[in-house]
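Working notes for the structure below.
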Amino acid sequence: MSSEAVITLAVLAGAIALFLSDRLRADLVALLVLAILALSGVLTPGEAFSGFSHPAVITILAIFILAEGLRRTGVSARLGELILRLAGTDERRLVVTVMLAGASLSLFMNNIAAASILLPAVSGATRRAQVSPSRLMIPLAFGTLLGGMATLLTTTNIIVSGLLRDQGLRGYRLLDFAPLGLPLILAGVGYMALWGRHLLPAQPPAGRLEPLPQEQRDLVGIYRLGERLFRARVPAGSYLIDKPLSRSTFRDAYGLNVVAIERDGQLLLSPSPALTFRQGDIVLLEGKLEDFRRKDVEPYLEILPPCDWHERDLESPAIAVVEGVLAPRSGLIGQTLRAAHFREKYGLTVLAIWRAGRPIRTGLSDLALQFGDALLLQGPRERLPLLRAERDLILLAEEEEAVPVPGRGWLAAAIMALTLLLAAAGLPLEEVLLGGALGMMLTRVLTMDHAYRAIDWKAIFVVAGMLPASVALVKTGAAGLLADGLVGLLGPAGPLALLAGLVALAALLAQAIHAAAVATMVAPIAIQVGQALGLDPRALAMGVALATSMSFLLPLGHPVNVLAVSAGGYSFRDFLRVGWPLTLILFGLVMLLLPLLWPLTSLP
C-alpha cells in the first residue's frame, strides 16, 4: 500500500469519526479533508478544488434555485395544501396523503425544501382533524426521503451519477431511478398505513409527562407554560409606576417575560416596550415565581392568586400564539435571542423553547439556539406574513395570506415543467437545470439575492469538499484496496452478497453521517468492485445511492428528521421503533428488484 493511500484512508477514517462525534460541522469537516489531502501532496491543487467546478455541484445549486421559484410563487404550498384537503380527517388517509405529498414534492426539489413547505400545512391538518402532530410528522419526514429515491434530482443521486462519469461511465438519466424508486415509495407508504402508524406515539413527550385534560392540549398546555405564568398587581409606591416597559428590568434582573398587562378591564397582550406602567395595572409574567420572590427586595409587585391558563387566554383578534421551528439554514442557529435582537427584528416574544423532548421556559434570552429548536411565539398577527417570508423560521401554522409573488405561479410552474421535459429528453442535466434556474431569474420570478439565500451553502461545501476525497480514493488505489477487501469477504457468496454489503454499509453510515459524504466515500468502492469483477458498476452504484436515503433509524441521519423531532415531539426511540421495519422492508426490496431492473452481470 502506497503512502498516499495510507494518508487517504487515515484522513477519511478521521472524517468519519468527526462526522459521528458531531464536534465539528459537516461542511467544516469536508473542507478539512480537502485541505489535508492537498497539503499532504495526495492531490494537486487542481484536483483538490475540482469539487467546486464539478457538474454535480452546479446541478445541486440549480435545483435549490428552481425549488425556491416554486416556493416563492406559492406553487409548492398550494399543491401541498390541496393534497392535504383531499385527505379529510381520517388518520390513515392523512398518513397516506402526507407521505405521498412529501414524496411528490421531493421528486422535483430538495428533501429539506419539500418538508419545510409542507410542515405548516400538515400542522394545520392535525388541528383540523384533532390528531396529535406525533402521528403525522414522522410520516412526512419519511415520505420526503422516499420521494428522493425515485428521481435523479436528489443530492446523493446526483453525486453518484457524477462519480460514474468521472470514471468514464455513463451517468444516470432523469428517470433512471423511477422504475425502482416508485415501488419503494409505495412500499414505504403501505408500511406506514398498515403497520408503522401503530408504532407512532399517540402524543408528543410533553403529553406523556402527565395526563392533560382535553381542553389543555393546546400550545400552552404542551409547553407547560401554565407552570411559569403568574399575575401580579402594581401597588401604590411601586418602582414601576410611570416607568416604560423597556426600563422595567423584568428580563435583565428577574429573568421574566411580560406576556400581558390588564388595565381598566382590558387585556393588552404582547405590550409595546414603550408602554408606561400605572398603579393598579395587573401584569401577566412568565418565569419562576420563587426566584422573583427571592430577588424582589423593594416595592415592586403584589402577587395575585394563581389560575389556570389556556392558549386562548394569550390570544386576541390582533395577537396570535404560534409555533415555529428553526430552519436548517437559519442564521439564528448558535445565536442567543438577546444577541439576535429577536424581539426587535421580528416583533414577537419567545415564550418557550422546545428542545430534546422537553420545554424550556426560563433563561431564554441567553440560551444559544440549536437546529431543531421549536419556538413558542406571541405577537401581532400582522407580523406573521413577514415572518413566513423569513428563511430563519418555519411557522407551524397554515398560510392565510396571498401568494408572495402573485401572478408568477404559472410562469414558475411552466419553467420547471420545461426544464424537466428537456432533462428527460436526454439533454445534459446540469446545463438544462442551470438554464431553468437562470430562467427563473430572467423572468423575475426570483432575484439574484433570492437565489443566493435559497442555496444551502452547507450542503454545497460538504459536496465540494468531499468530492476530491473520491478522486483521492481512486488515484491512490485506496478504493481498489477497499474493493479487494470487500470482494475477499463477500465475493465467494456471489454478486448479490456484494450488493447487500455495499447497500448495508451505505445505509448504516447514512444514519449519522451527511448522506453526501457517505456517497462520495462508498460509491467509488462500488464502482471499483464492479469493474474488478465484471459486474455493472452502475447497478452497484445505484444500490449505494438508494441506501443513502434510508435514514430512518435516527433523527440525526437527515435534517428533515430533525425538523420532525421538534414539530412532532419525538424521542430517538420513536424513530428507531418506526424506522427499523421500514429499513428492512426497503433493503429487501432493493435486493429483489434492483438485480431484475439493473442486471448485476450486465456491463454498461
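Hey, among ALA87, ALA121, which residue is at pLDDT below 85 and touching a Gly at 6+ places or on another chain (Cβ under 7 Å)? Lay out the reasoning, then the answer.
Details: ALA87 fails: touching a Gly at 6+ places or on another chain (Cβ under 7 Å).
Just one listed residue meets the conditions, ALA121.
Checking the structure you have, find out if any residue of the stretch 120-138 is under 24 Å from PRO179 (Cβ atoms), touching a residue at least 24 places away in the same chain (Cβ under 8 Å), within 15 Å of the chain's Cα centre (by Cα) and assigned by TED's automatic domain parsing to the domain that holds GLY181. No, the conditions are met nowhere in the stretch 120-138.
Any residue that is out of contact with any Leu (no Cβ under 8 Å at 6 or more places or on another chain), at pLDDT below 80, within 21 Å of ARG127 (Cβ to Cβ) and buried (at least 16 other Cβ atoms within 10 Å of the Cβ) - is there at least one of those in the stretch 324-338?
We begin by selecting, within the stretch 324-338, every residue out of contact with any Leu (no Cβ under 8 Å at 6 or more places or on another chain); these are 329, 331, 338.
Going one step further and asking which of them are at pLDDT below 80, we end up with 329.
Subsequent filtering for residues that are within 21 Å of ARG127 (Cβ to Cβ) retains none.
No, the stretch 324-338 has no match at all.
Does at least one position in the stretch 521-541 carry a residue that is under 20 Å from the mean Cα position of the chain (by Cα), surrounded by 17 or more Cβ atoms within 10 Å (Cβ to Cβ), in the same structural domain as GLY196 (by TED's automatic domain parsing) and touching a residue at least 24 places away in the same chain (Cβ under 8 Å)? No, because not a single residue in the stretch 521-541 is under 20 Å from the mean Cα position of the chain (by Cα), surrounded by 17 or more Cβ atoms within 10 Å (Cβ to Cβ), in the same structural domain as GLY196 (by TED's automatic domain parsing) and touching a residue at least 24 places away in the same chain (Cβ under 8 Å). For beta carbons closer than 8 Å, sequence separation of 6+ or different chains, a first residue in the stretch 562-574 that is touching a residue at least 40 places away in the same chain (Cβ under 8 Å) and a second that is of a type in the set (S, T, N, Q) and part of a helix (DSSP H, G or I), the qualifying pairs are LEU563/SER116; ALA567/SER123; GLY568/SER134; GLY569/SER134; TYR570/SER134; ASP574/SER134.
So which helices (runs of 4 or more DSSP H) stay within the stretch 1-105 end to end and still have 1 or more residues that are in contact (Cβ under 8 Å) with a residue 60 or more places away in the chain, more than 24 Å from LEU163 (Cβ to Cβ) and out of contact with any Lys or Arg (no Cβ under 9 Å at 6 or more places or on another chain)? Don't jump to the end; show me each part of the working.
Numbers: elements: 3-21, 26-39, 45-48, 55-72, 75-85.
Here the list reads 55-72, 75-85.
Every residue, every condition in (1) surrounded by fewer than 18 Cβ atoms within 10 Å (Cβ to Cβ); (2) in contact with a helix residue (DSSP H, G or I) (Cβ under 7 Å, 6 or more places away or on another chain); (3) at pLDDT below 90, yes or no:
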residue	(1), (2), (3)
ALA5	no, yes, yes
ALA15	no, yes, yes
ARG23	yes, no, yes
ASP27	no, yes, yes
ALA30	no, yes, yes
LEU34	no, yes, no
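The conditions of being under 22 Å from ALA459 (Cα atoms), buried (at least 16 other Cβ atoms within 10 Å of the Cβ) and hydroxyl-bearing (Ser, Thr, Tyr) are not met by TYR191. Listed by position, the helices (runs of 4 or more DSSP H) inside the stretch 353-465 whose residues that are under 21 Å from VAL57 (Cα atoms), in the same structural domain as GLY74 (by TED's automatic domain parsing) and not aliphatic (A, V, I, L, M) number at least 1 are 409-424, 429-442, 448-454.
The values are calculated or read from the model by the stated rules, or taken from the named source; none is laboratory data. Remember, predicted model here, so these are calculated numbers, not experimental data. Reconstructed Cβ throughout: ideal geometry from the backbone, glycine too, with neighbour counts over all protein chains shown.
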